[in-house]
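The values are calculated or read from the model by the stated rules, or taken from the named source; none is laboratory data. Since this is a predicted model, take the numbers as computed values, not measurements. Every residue, glycine as well, gets a Cβ built from its backbone with ideal geometry; the counts of neighbours run over all protein chains shown. For accessibility, only protein heavy atoms count, side chains too; no ligands or nucleic acids. Shrake-Rupley method; radii C 1.70, N 1.55, O 1.52, S 1.80 Å.
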Amino acid sequence: MVSSEDLFRRAKECIPGGVNSPVRAFGSVGMTPRFIRKGLGDRIWDVDGREYIDYIGSWGPMILGHSHPAVVEAVGKAVADGLSFGAATEREVEMAELICSLVPSIEMVRMVNSGTEAVMSAVRLARGYTGRDKIIKFSGCYHGHCDAMLVKAGSGLMTQGIPGSAGVPEACSRDTLCAVFNDTESVEGLFEANPGEIAAVIVEPVGANMGVVPPADGFLECLRSLCDQNGSLLIFDEVITGFRLAPDGAQGYYHVRPDLSTFGKIIGGGMPVGAYGGRREIMEHVAPCGPVYQAGTLSGNPVAMAAGLAQLRVLKDTPDFYGKLNGVGDCFFGELKQLAGQAQIPCQVNHVGSLGCLFFTEQPVYDYASAQTSDTVRYTAYFRHMMDRGILLAPSQFEAVFLSSAHSDADLDRTLEAVRDFFR
Ligand code: KE4
C-alpha cells in the first residue's frame, strides 16, 4: 500500500512543493500532507488507511458532503455523452438561467474555470466598463492569484507571510489599493486620494481567507454607498460565500446588492468551475458582444455544468436547506465559542452560518492585523491534536472550517469532545 510519505517524496520530484496548491503542503503545520484516496459524506480516507471527519470540504465546494448521489449520477450521465466539445451546450444555458433566477443582482453570467479566473475577468470588466484603472481591495482578503490581486492577500499568502508575490510586476499591482477590512475610513481615504480613478471595490463580503472575519454592521452598506457616490462598481467575491450562506449568497444574507459578483467552488459541485455576473448593461461589455475580452477552452464544460447543476438543484429543492445548515452552524460554533470562553488558552471563535474558525489569540478578530495576532504554533498543536483523533481541519490558522449537510450530529459532537480534550 502506497503511503502519503512515499507519494509526497515522489511528488516533490516533479511538482513544486509536491502539491498543486500551496496550502495542501501542510507547511504551516509542519507535517507530511495527507494524500486522499476517497471521500463519502462528511468522511475522507487517506492512502494510509486513516479516516477523518472532513472540515476542509475541498475549501468550500462540498456543501452536500463528498460524492453526493445526485452529483455522482449527473456526472456519470454527462460523461457518457462526451467530456468537452468547445461548442455551446444546453447545460450552460441551464446553469446561467439557474444562477440568474437565484441571485437577483445577476441578469447575465459568464462561466469560467476557477475563482481566480472569475475575479480576473470581473476586475477587467470593471476597468473596461468604467474606463478607470484603480481597484480597492482589502488586506487579508484573497481573491485568487491573478497579478492584480496578489497584494497583501489572505489564504496561502497570509499563511506564508508573503505580503505579495515574486513575479508580479509593480505595474500590475500599482493600481491595486489596499484598505482595511471593516474600516470604512480607510476606504473613504482611498476614494478621496484617488478622485474619479477607482474602477471598483472588491471585497469578500465575509472574510474567509484570514480565518473567518464577518463584516461589521454597516460595513457592506458603506461600501455600496461609497461606490455609488464615486461612480465605481462594487464587486462581491462570493467564491466562498456564494450559495453557502443563502440561495443568493452573502448579498442575500446581508441585503447588500453588488454590481458584479464572482462565484466558484459550490457552483461546480467539486468540478473546476468559476463564474462572474451582474447587471445586463455591464455584462454586455464582455466579448463577443462588447469590448472586454475573456475566453476559455473549458468554460461551461458540460461535465462540470452537470455536477454544478446537480448540486445547486439539491440546494434549491431541499426544503429550508440554508435555515437548517446555518442553524447547525450556529449550534456548532456556538458550542465551540462556549468551550473557547471556558478555556485557559486565549482563543476566539468567529462564524457566519456554516463557515467559521477558532483563532488562538486573546483579542477579538475583526481584520487582517488582529487575525495576525493569532498564535500559529498553538494552532499547529490544535490541528495535530484533532488529526490524531480522526478530525481533519484546515492545515492553517488562516482558513475556515466548512460545515456541510452531510456532517452528522454524532460527528459534530465527537469533534466538540475532541476540542474539550484539547482545552483540558
Ligand atoms: P480558485 O482560483 O482557487 O478556484 O479561487 C480563488 C478564490 C477566489 N476568491 C475567494 C474568496 C477564495 O477563497 C478563493 C480560493 N480559496 C482558497 C481557500 N481559501 C483556495 C484553496 C487553495 O488555494 O488551494
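Could you work out the local net charge near Val168, counting Lys and Arg as +1, Asp and Glu as -1, over the other residues with Cβ closer than 11 Å to its Cβ? Don't jump to the answer; show the numbers that get you there.
On the way: positive: Arg174; negative: Asp147, Glu170.
Overall, the nearby charge balance is -1.
Taking other residues whose beta carbon is less than 11 angstrom from the beta carbon of Val213, and scoring Lys, Arg as +1 and Asp, Glu as -1, yields -2. Each 10 Å bin from zero up to the one holding the largest Cα-Cα distance in segment 319-375 carries the following percent of pairs: 25, 44, 24, 7, 0.
Could you give the accessible area per residue of the chain, probe 1.4 Å, as a whole number in Å²? Don't jump to the answer; show the numbers that get you there.
Numbers: 17110 Å² over 424 residues.
I get 40 Å² per residue for the chain.
Calculated mean residue ellipticity, 222 nm, the chain: -11500 deg cm²/dmol, from DSSP H runs (n ≥ 4) at -39500 (n - 2.57) each, averaged per residue and rounded to 500.
Considering the convex hull of the alpha carbon atoms of segment 242-326, report its projected area averaged over all viewing directions, in nm², one decimal.
Computed as one quarter of the Cα hull surface, the answer is 6.3 nm².
Rg and Dmax over the alpha-carbon atoms of the chain stand at 20.8, 62 Å. Once you treat every alpha carbon in segment 202-296 as an equal point and sum by Debye, what is log10 I(q)/I(0) at q = 0.24 Å⁻¹? Cα-only, vacuum Debye calculation for segment 202-296: -1.29.
Take every Cα pair under 8 Å whose residues are at least 6 apart in sequence, average their separation, divide by the length of segment 186-294, and the relative contact order is 19 percent. Pairs over the 30 Å Cα-Cα cut-off, from the set Lys134/Lys265; Lys77/Lys265; Lys12/Lys137; Lys265/Lys337; Lys12/Lys38: Lys12/Lys137. As a rough guide to protection, the peptides 221-227, 309-315, 207-213 ranked by mean Cβ packing within 10 Å, highest first, stand as 207-213, 309-315, 221-227. Share of carbon and sulfur in the accessible area of the chain stands at 53%, probe radius 1.4 Å. Projected label points at Asp147 and Phe423, each 7 Å from Cα along the beta carbon direction, are separated by 4.8 nanometres. Using the alpha-carbon positions of segment 69-317, Rg (one decimal) and Dmax (whole number) come out as 17.6, 56 Å. Solvent exposure of Leu325, expressed as accessible area, is near 10 Å², computed with a probe of 1.4 Å over the protein chains only.
Say R0 is 30 Å: what FRET efficiency, to the nearest 0.05, do Glu188 and His285 get from their beta-carbon distance?
Working: r = 28 Å, r/R0 = 0.93.
After rounding to 0.05, the efficiency reads 0.60.
Highest mean packing comes first when the peptides 72-82, 26-36, 254-264, 341-351 are listed by Cβ atoms within 10 Å, giving 254-264, 26-36, 341-351, 72-82.
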